[in-house]
Amino acid sequence: MTKGKNAIIVLNYNDSKTVVDYIQLIKDYKNIDKIVIVDNCSTDDSFKILKKYANNKIDVIKSPENKGYAYGNNYGVHYLENKEEKYDYITISNPDVSVEDDTILKMEEFLDKHKDVAIVAPTMYYANGEASDMRAWKERKLDSDITDSSIKLTRKAKKSHIERYDDAYFNSEYSYVDCVPGSFFMIKYDVFKDVNYFDENTFLYYEEDILGKKLKNEGYKTVLLNREKFIHYESVSINKNMMSLNKYYEIQKSKRYYHETYNEECRGEGKANLIKLDKATKIGAKEIKNQNSLLTKIRNRIMYDGIILTAEKIFIYCMILLLLPIRMIIRKLRKTKKVCYFSLVTWKWIKQRPHFVALSLANTYKVEYRYLDLKDKYKNDTNSKIASSYVNNKIENKNLKIKPYYIYPGDNKYRLKRALTYLRLITFNYDVFIYTQPTQIESIFIKALELNKTKIYYECMDNYIGWESNKKYFRDMESKLIAHSKNVFVSSQKLLDNISDKYNVDKKKFILVRNGYDHNLFDHYKKNETKIVKPAITYIGTIDNWFDIENIIKYAEKHKDYNFNIVGPMNPSVKEDFDKIKLKNIIIHGPIEHDLVPSYIEESDVMIMPFIINDIIIYVDPVKVYEYLYFKKNVVSSYWSELDQFNGLIYYYKNDNEFEKAIDEALKNKFIVNDKYKRIMEESKWDNRLQIYTKTLEENNE
């Protein structure tokens, strides 16, 4: 079977951040041959931002006017036609979705095998992991749409959206349906052209219904793949750029057009039925106007926050302002400034960047390392897999204090504890507060810090959004944190460029501080006994779902005379996969204290970084590579561009065959010390790396 060509159309209106995140996800997908981003006459600088991402695979164009969803997507298809580029499939996609490359392949294969099917779509899921009850629906009926036009009418009828299928209808591998969501689907290009594409007489809404109806009239079918999925976060552009009443009127306008044009019930004498729809629209609009009244908003806000929470906020702000003069005097008098490092990583985890940053800052400041102690969360679970991965990480610097924290949930019974938690943090009177993750933000707390004249910074170590399910919420929080921060510290150049472009922030606000190694330990370590099994190919670090265990298993099966030593804490989600491994030459050691790391590296023959390349890994500057290289050990790693600084010092692999070859070469060859190696090892001492960190804090506190 010859693979068909697939072009994906992505429509943007004033939401370039979402589009950038999406194209970063799909730009390397093998089953997408062309990405066409259509800027639908945004009123911000979206088009200018998006043009930076244009390349041979990605075209960024601008429609001559904003005439809505149907017009914008059609404009993208016509653009391809004018270029005389032939595609077998057109994928229509919102930017606020997430989908796997393999899912796109299965969609193509299904369309290729089923000649009578025009559209195929995976099942739509929400960010919370639940499948949408509107993953597909039947042809809409006028009576149902009249009922759904008003809350009052819906309550009176005691039913809504009768066009939904029962859940049982989706139990098979795939289902024939009348309509699928317009947020993500694939259509055969020739069929799309035959039915004259989207009907451009609607601005927003009902485009899927109209297209589904046109296809049905021509004898084509629409299919939902029940075993495949995509995640739809929310209608970013619509919610962000339309008021609720305007949105309602657009729905009703499109609804009326659909019925009067495509519904046989509303032809001839049946046209009088549209009067009922118009009356329902007036009722619904009145309801929305009442909801948007100032009195209603105040009432809803009180109901949402509650009297207790409102009083809580007032109390905290009053206390902050009341004590502010005293805190300012104390700050002026104390000789050493006070820093709070609000870490994502427990102090009891194997040492990572946050540990080294906090230790370095403690040479100049009094530092409190605050972290969410997972052991508290699992204190009644003695068999906790996470708690069992902890190490001690002894502290010798008197200026560093380790203080676990716990943010209480928003239930009323925890209100007082929550208020006291924030108030205590404020009364500690920090000069500097360093966040390490946007979801740590509490609005009341960050405002309190600013009232307290505390300097705020953001330490961004990873492309965190790759872990998040609700990406829209995360982007909003990260944008907010960056806006409140004096500077943003980043661990890699790619991460700096990505965040700066995503939020359109001046790069001068970002400080690049790459990772490094603890030369004080490595230069003077005491050799300890290890459990390394030789000849040893060793990995030291966290083991998570990005760990390339398959290549390790293949090599271990073929080369029984070499031993893979896997050292470090293991995420419970991947432990089951490791438990299934029966090979004796793959040895799982578990986590070790950082003092033992030099001995484990020295005892090994080759060190590895076997990472599956994803949207998190490509932004990483790994700490472990500096530690590996210190002992002049040959290193084998999967390749991503951030490692280019180590070219000539590392053996890279990009596929299964190259993995075996790279391991063989690393085992055979002697490590070569050159000027580049010496320069990197000098620059990457943590003391040298973090000088700019301390310098930045000092300059901003003068």
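The values are calculated or read from the model by the stated rules, or taken from the named source; none is laboratory data. No experiment lies behind these values; they were computed from the predicted model shown. We place every Cβ from the backbone using ideal geometry, glycine too, and count neighbours over all the protein chains shown.
Is at least one residue of the stretch 579-592 within 21 Å of residue 661 (Cα to Cα) and among the charged types (D, E, K, R)? Within the stretch 579-592 (the criterion being within 21 Å of residue 661 (Cα to Cα) and among the charged types (D, E, K, R)), the answer is no, since none of the residues qualifies. The residues in the stretch 389-416 that are modelled with pLDDT under 65 and surrounded by 13 or more Cβ atoms within 10 Å (Cβ to Cβ) can be counted, and the count is 4.
Residue 611 - would you say it is under 25 Å from the mean Cα position of the chain (by Cα), more than 22 Å from residue 348 (Cα to Cα) and not hydroxyl-bearing (Ser, Thr, Tyr)? Outline the logic, then answer.
Numbers: under 25 Å from the mean Cα position of the chain (by Cα): yes; more than 22 Å from residue 348 (Cα to Cα): yes; not hydroxyl-bearing (Ser, Thr, Tyr): yes.
It is true that residue 611 is under 25 Å from the mean Cα position of the chain (by Cα), more than 22 Å from residue 348 (Cα to Cα) and not hydroxyl-bearing (Ser, Thr, Tyr).
What residue, among those in the stretch 443-472 that are in contact (Cβ under 8 Å) with a residue 24 or more places away in the chain and hydroxyl-bearing (Ser, Thr, Tyr), is nearest to residue 327 (Cα to Cα)? That would be 454. Set side by side, the residues 72, 76 differ, and just one is touching a Ser or Thr at 6+ places or on another chain (Cβ under 7 Å), within 30 Å of residue 466 (Cα to Cα) and in a helix (DSSP H, G or I), which is 72. Residue selection: residue 615 satisfies the criterion of being in contact with a helix residue (DSSP H, G or I) (Cβ under 6 Å, 6 or more places away or on another chain) and of a type in the set (D, E, K, R).
Please determine whether any residue of the stretch 575-598 is over 30 Å from residue 680 (Cα atoms), among the aliphatic types (A, V, I, L, M) and either loosely packed, with under 14 Cβ neighbours inside 10 Å or modelled with pLDDT under 90 (or both).
Looking only at the stretch 575-598, we keep the residues that are over 30 Å from residue 680 (Cα atoms), and these are 575-588.
From the residues that got through so far, the ones that are among the aliphatic types (A, V, I, L, M) too are 581, 583, 586-588.
Add one more test, that the residue is either loosely packed, with under 14 Cβ neighbours inside 10 Å or modelled with pLDDT under 90 (or both), and what stays is 581, 583.
Yes, the stretch 575-598 has at least one match.
Kindly evaluate residue 500 against the criterion of being touching a residue at least 40 places away in the same chain (Cβ under 8 Å) and out of contact with any Ser or Thr (no Cβ under 6 Å at 6 or more places or on another chain).
So residue 500 fails the test.
Taken together, 201, 217, 226 contain a single residue that is among the polar types (S, T, N, Q) and within 17 Å of residue 71 (Cα to Cα), which is 201.
Counted as qualifying within the stretch 82-145 are the strands (runs of 3 or more DSSP E) with 3 or more residues that are in contact (Cβ under 8 Å) with a residue 60 or more places away in the chain and touching a Leu at 6+ places or on another chain (Cβ under 8 Å), namely 117-125.
Are there strands (runs of 3 or more DSSP E) fully within the stretch 456-570 with at least 3 residues that are touching a helix residue (DSSP H, G or I) at 6+ places or on another chain (Cβ under 7 Å)? List them. Please lay out each step first, then the result.
Details: elements: 487-490, 510-512, 536-540, 563-567.
Counting at least 3 such residues, we get 487-490, 510-512, 536-540.
Just the residues that are crowded, with 19+ Cβ neighbours inside 10 Å and out of contact with any Gly (no Cβ under 7 Å at 6 or more places or on another chain), please, taken from the stretch 107-124. Scanning the stretch 107-124 gives 107, 111, 117, 118, 119, 120, 121, 122, 123, 124. Just to be sure I understand, how many residues within the stretch 664-702 are more than 30 Å from residue 485 (Cβ to Cβ) and either surrounded by 13 or more Cβ atoms within 10 Å (Cβ to Cβ) or within 32 Å of the chain's Cα centre (by Cα) (or both)? Count: 8. Scanning the stretch 175-200 for residues that are under 13 Å from residue 213 (Cα atoms) and in a strand (DSSP E or B) gives 177, 179.
Against the definition (under 30 Å from residue 488 (Cβ atoms), touching a strand residue (DSSP E or B) at 6+ places or on another chain (Cβ under 8 Å) and not aliphatic (A, V, I, L, M)), how does residue 653 come out, yes or no? Before the answer, list the steps.
Working: under 30 Å from residue 488 (Cβ atoms): no; touching a strand residue (DSSP E or B) at 6+ places or on another chain (Cβ under 8 Å): yes; not aliphatic (A, V, I, L, M): yes.
No: the conditions fail for residue 653.
Each row is one residue, and each column tells you yes or no for (1) closer than 23 Å to residue 516 by Cβ; (2) crowded, with 22+ Cβ neighbours inside 10 Å; (3) in contact with a Ser or Thr (Cβ under 8 Å, 6 or more places away or on another chain).
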position	(1), (2), (3)
318	no, no, no
324	no, no, no
329	no, no, no
333	no, no, no
343	yes, yes, yes
353	yes, yes, yes
358	yes, yes, yes
364	yes, no, yes
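Which of the following residues is in contact with a Gly (Cβ under 8 Å, 6 or more places away or on another chain) and either in the same structural domain as residue 352 (by TED's automatic domain parsing) or without any contact (Cβ under 8 Å) to a residue 40 or more places away in the chain (or both): 592, 543, 616, 586?
Working: 592 fails: either in the same structural domain as residue 352 (by TED's automatic domain parsing) or without any contact (Cβ under 8 Å) to a residue 40 or more places away in the chain (or both); 616 fails: either in the same structural domain as residue 352 (by TED's automatic domain parsing) or without any contact (Cβ under 8 Å) to a residue 40 or more places away in the chain (or both); 586 fails: in contact with a Gly (Cβ under 8 Å, 6 or more places away or on another chain).
Every option except 543 fails the conditions.
The set of residues in the stretch 497-524 that are of a type in the set (S, T, N, Q) and within 23 Å of the chain's Cα centre (by Cα) comprises 498, 500, 504, 515. Looking at this structure, is residue 81 of a type outside the set (Gly, Ala, Ser) and out of contact with any strand residue (DSSP E or B) (no Cβ under 8 Å at 6 or more places or on another chain)? The answer is yes for residue 81.
I'm trying to understand the selection: among the residues of the stretch 653-663, which are buried (at least 16 other Cβ atoms within 10 Å of the Cβ) and either out of contact with any Phe, Trp or Tyr (no Cβ under 8 Å at 6 or more places or on another chain) or outside any helix (DSSP H, G or I) (or both)? Matches in the stretch 653-663: 653 only. Screening the stretch 244-267 for residues that are among the charged types (D, E, K, R) and part of a helix (DSSP H, G or I) and picking the one that is surrounded by the most Cβ atoms within 10 Å (Cβ to Cβ) gives 255.
Checking residue 222 against (1) of a type in the set (Val, Ile, Thr); (2) assigned to a helix (DSSP H, G or I); (3) modelled with pLDDT of 85 or more, which single condition isn't satisfied? Unmet condition: (2). Taking the stated definitions as given, is residue 209 out of contact with any Gly (no Cβ under 8 Å at 6 or more places or on another chain), assigned to a helix (DSSP H, G or I) and surrounded by fewer than 19 Cβ atoms within 10 Å (Cβ to Cβ)? Judged against the criteria, residue 209 is not a match.
Taking the condition of being basic (Lys, Arg) and under 34 Å from the mean Cα position of the chain (by Cα), how many residues in the stretch 525-563 meet it?
Let us first name the residues in the stretch 525-563 that are basic (Lys, Arg), namely 526-527, 531, 534, 554, 558, 560.
Checking the rest, the ones that are also under 34 Å from the mean Cα position of the chain (by Cα) come to 554.
The qualifying residues number 1.
Of all residues assigned to the stretch 516-524, at least one qualifies as being buried (at least 21 other Cβ atoms within 10 Å of the Cβ) and either of a type in the set (Gly, Ala, Ser) or within 20 Å of residue 634 (Cβ to Cβ) (or both).
Considered as a group, the residues in the stretch 535-547 that are in contact with a strand residue (DSSP E or B) (Cβ under 7 Å, 6 or more places away or on another chain) and surrounded by fewer than 20 Cβ atoms within 10 Å (Cβ to Cβ) include one that is modelled with the lowest pLDDT, and that residue is 546. Look at (1) farther than 23 Å from residue 109 by Cα; (2) in a loop (DSSP other than H, G, I, E, B); (3) modelled with pLDDT of 95 or more and you find that residue 65 fails only one, number (3).
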